[in-house]
Amino acid sequence: MTNPAPINFQKGVYNHYMIKEIHEQPQTVRLELRDRLAQGVADFSDLAIDDIFTNVQKIYMVGCGTAYHAGLVGKAVIEKLVRIPVECDIASEFGYRDVPWGDKQMMIVISQSGETTDTLVALREAKANNIPILAITNVKDSTIAKEADKVIYTNAGLEISIASTKAYTSQLVVLYLLALYMARIRNSFNLEDLRTIGKELSLMGDYLEIAFEQEEKILRLAWQYQQMENAFFLGRGLDCSVAMEGALKLKETSYIHAEAYATGELKHGPIALVTEGSPVITVLTQDNIVNRSMYNIKDIQDRGGKVVAVCKANLEGHCRGVDDLILIPNTNPIVAPIVAVTPLQMFAYYMAALKGNDVDKPRNLTKSVIIE
Ligand code: M6R
């Protein structure tokens, strides 16, 4: 693994912090991996909660916005590798549930700022019910860090742009590492396969650099689509969570109405909105389900929809019929969300920049939301 350089917090050659922070991701991801992964084996023994990791039977995962989207990926990965149920909730909704609290449960709280009130309220609710809390946050000594029982600090460095990018990929990496660690100490997944996934994760900085080679193409696409007023973002499985994050990035920075849908769900209603020229952005990284998605994409094209696909290089043959293709490196599908999100971040950025928006400080938004 290349030794990551320290992060420089000046805007430097970049016009906005958002694009600078997008470009920092190979470095921040490497920083995330540096102390936690060796030869494909993840280690969180320093947290000193192996007893909880070993015995827990259910995990609640909460966050807001981008942090919630990271949680959705974490849920899928933990369920696959650790074989225990994970409920991932929007923190602001969590309090309205009548949660059947019980023994052998824990909560993972995700927050870049560590100050989001909705997330803090969910944390306090769980704590009042004697649930151990593990926080993943980017800010040292933040309120969430202080109130949680244990904290994993992400190494994304100061994130200035209101639209979160590098903090999201750091959260993803931590969640993957946690899943790998828990699976190893619980013996819930083949150890060699865990090591293979870990090794793949260790290459993530390089994969991101390869994905950035598509930047000029993405800028041209943003130019081509700059008049669009709405867009669908689609994906199946892990790709669906990535699509949700892509739609949020586009909405908050470019003010274009974007809706994310599970690809298979579109035909159950929203496809009624697809007409000649409707932009549809789809994420295709899951080898075992790409064919199923292509049937749906064909349906969309038959109705005049224009399809842009973010597609893993080895799946290019399946995606040939789409209108525009953004290729990302061929990773193991389980870790693909980390790399698949970057073209969507860049697309949102260039769209917002071309519109002349205040990219780093979009209207009506603040970096940490401290009202309920
Ligand atoms: O600081 P947090 O991670 O708790 O913030 C949660 C959301 O407010 C945040 O992710 C928001 O959705 C971002 N603007 C997304 O880019």
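When you check Thr154 against the structure, is it at pLDDT 95 or above, over 22 Å from Asn330 (Cβ atoms) and either buried (at least 23 other Cβ atoms within 10 Å of the Cβ) or outside the structural domain of Leu81 (by TED's automatic domain parsing) (or both), yes or no? For Thr154, the condition - at pLDDT 95 or above, over 22 Å from Asn330 (Cβ atoms) and either buried (at least 23 other Cβ atoms within 10 Å of the Cβ) or outside the structural domain of Leu81 (by TED's automatic domain parsing) (or both) - is met.
Just a yes or no: is a residue in segment 275-291 assigned by TED's automatic domain parsing to the domain that holds Ile218, assigned to a helix (DSSP H, G or I), out of contact with any strand residue (DSSP E or B) (no Cβ under 8 Å at 6 or more places or on another chain) and closer than 18 Å to Asp324 by Cα? Yes: segment 275-291 contains one or more residues that are assigned by TED's automatic domain parsing to the domain that holds Ile218, assigned to a helix (DSSP H, G or I), out of contact with any strand residue (DSSP E or B) (no Cβ under 8 Å at 6 or more places or on another chain) and closer than 18 Å to Asp324 by Cα. Checking each residue in segment 306-330 for being open to solvent by 40 Å² or more (accessible area, probe 1.4 Å) and within 13 Å of Thr285 (Cβ to Cβ) picks out Ala313, Asn314, Glu316, His318, Leu327, Asn330. Selection of segment 49-66 for residues being open to solvent by 10 Å² or more (accessible area, probe 1.4 Å) and either in contact (Cβ under 8 Å) with a residue 60 or more places away in the chain or within 16 Å of the ligand (Cβ to nearest atom) (or both) yields Ile49, Asp50, Ile52, Thr54, Cys64, Gly65, Thr66. Of everything in segment 85-117 that is more than 12 Å from Ala67 (Cα to Cα) and within 16 Å of the ligand (Cβ to nearest atom), the residue that is surrounded by the fewest Cβ atoms within 10 Å (Cβ to Cβ) is Glu93.
With a requirement of 2 or more residues that are of a type in the set (S, T, N, Q), under 17 Å from the mean Cα position of the chain (by Cα) and closer than 24 Å to Leu365 by Cβ, the helices (runs of 4 or more DSSP H) lying completely within segment 122-205 that satisfy it span 166-186. Somewhere in segment 119-142, is a residue away from the ligand (no atom under 11 Å from the Cβ), without any contact (Cβ under 8 Å) to a residue 40 or more places away in the chain, among the polar types (S, T, N, Q) and not assigned by TED's automatic domain parsing to the domain that holds Arg236? Yes, the conditions are met somewhere in segment 119-142.
Screening the candidates Gln301, Gln226 for the property of being farther than 17 Å from Thr169 by Cβ and in contact with a helix residue (DSSP H, G or I) (Cβ under 6 Å, 6 or more places away or on another chain) yields one hit, Gln226.
Kindly evaluate Ala128 against the criterion of being over 23 Å from Val341 (Cα atoms) and open to solvent by 10 Å² or more (accessible area, probe 1.4 Å). Judged against the criteria, Ala128 is a match. Restricting attention to segment 145-196 and to residues that are away from the ligand (no atom under 15 Å from the Cβ) and charged (D, E, K, R), the residue that is farthest from Ser111 (Cα to Cα) turns out to be Glu192. Remark: Tyr181 matches the filter, which requires a residue to be under 30 Å from Lys80 (Cα atoms) and either in contact with a Pro (Cβ under 9 Å, 6 or more places away or on another chain) or open to solvent by less than 10 Å² (accessible area, probe 1.4 Å) (or both). Take segment 331-367 and flag every residue that is under 18 Å from the mean Cα position of the chain (by Cα) and open to solvent by 30 Å² or more (accessible area, probe 1.4 Å). Asn332, Pro333, Lys367, listed by residue number.
Scanning segment 239-265 for residues that are open to solvent by less than 20 Å² (accessible area, probe 1.4 Å) and more than 16 Å from the ligand (Cβ to nearest atom) yields Asp239, Thr263, Gly264. Checking each residue in segment 68-82 for being within 16 Å of the ligand (Cβ to nearest atom) and open to solvent by less than 10 Å² (accessible area, probe 1.4 Å) picks out Ala70, Gly71, Val73, Gly74.
The values are calculated or read from the model by the stated rules, or taken from the named source; none is laboratory data. In this text the structure is predicted, and so the values were computed from the model without any measurement. Please note: Cβ atoms are built from the backbone with ideal geometry, for glycine as well, and neighbour counts cover all protein chains shown. What goes into the accessible areas is simple: the full protein's heavy atoms, side chains included, and nothing from ligands, DNA or RNA. Shrake-Rupley method; radii C 1.70, N 1.55, O 1.52, S 1.80 Å.
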